[in-house]
Amino acid sequence: MKARKFLYSSQVTSEFPLTKLWPFKMPVAGIISHAIRISLLVVLIVFASCGSDSDDDPKIVGPDLPLGEGRLYAIDAVSFGSVDGLDVAGIYGRTGGASKPTVILVHDVGNNLAGQEWLFDEFFETLLEHGYNVLAVDLRGHGLTSLPSDGRAVEQLLLADLDSFHLEVRAAITWLRGQASADASRLAVIGTGGGGNVAF
């Protein structure tokens, strides 16, 4: 077995007197190893202490408004079939309780967000706050409602699709009539842009 040679401070020649800098008889490799271990320990302690500082927690900052009664509404993604076989997608918000008046919201034609556009508008929430259930539907070719699979070469709206938008609203009315949360005698339809024509 070959003996290892370590560089001790006492082995340094007078040309480079390390004895003044490091007077201990310890291998240089051992010194480096200990230095690395201590450095890693310091880094771990620093990282561990960063996570426990509660002053760095994110906070919501805004005007000092009086705290009021908080409300939670059940908002679910729903789907139901139309008479021509499409799977119609929608977002259904409920105020709670049974047999509530319900508003069907119809988006504008060509809107990529489709029924979800109403979630970014205060109107959806305002209706819920005033005791109305809300169903925002995706018209065919918009949002999560696909176009009919009728063998068309290009996935784009045709005039026949525009004429059939009312079928999604009719499907929504039929679906709501089967929901205990909706009062079938108190349904309304509201639309924006081209969705207003469909609602009319």
_Point-to-point label distance, ARG170-ASN197, nm (Cα→Cβ direction, 7 Å offset)_ = 1.9
*What is the spin-label model distance, in nm, from ARG177 to HIS130 if the labels are put 7 Å beyond Cα along the C-beta direction?*
2.6
*Where the only charges are on Cβ atoms (+1 Lys, Arg; -1 Asp, Glu), what is the dipole of the stretch 99-200 about its Cα centre, to the nearest 20 debye?*
420
*Starting from the Cα of ASP150, move 7 Å in the Cα-to-Cβ direction to define the label point; list residues of the stretch 65-109 whose amide nitrogen is under 17 Å from there.*
82-88
*Starting from the Cα gyration tensor of the stretch 137-178, take the square roots of the eigenvalues, sort them a ≥ b ≥ c, and report rounded, prolate or oblate (rounded when a/c is under 1.5, otherwise prolate if a/b is larger than b/c, else oblate).*
prolate
*What ranking, highest mean first, results for peptides 103-111, 136-144 when packing means the other Cβ atoms within 10 Å averaged over each residue?*
136-144, 103-111
*For the stretch 70-135, just say rounded, prolate or oblate: build the C-alpha gyration tensor, square-root its eigenvalues into a ≥ b ≥ c, call rounded for a/c under 1.5, and beyond that prolate if a/b exceeds b/c, oblate if not.*
oblate
*Please turn the phi angles of the stretch 93-105 into ³J(HN,Hα) values with the Karplus equation 6.51 cos²θ - 1.76 cosθ + 1.60 (θ = phi - 60°), one per residue in order, whole Hz, x for glycine and proline.*
x, 10, 7, x, x, 10, 6, 9, x, 10, 10, 9, 9
*What spacing in nm lies between the two simple spin-label points modelled at GLU69 and LEU113, each 7 Å away from Cα in the Cβ direction?*
2.9
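Rule-based calculations on the coordinates, nothing more; no lab input. If you're wondering where the values come from, they're calculated on a predicted model, not measured in any experiment. Neighbour counts run over all protein chains shown; Cβ positions are idealised from the backbone, glycine included.
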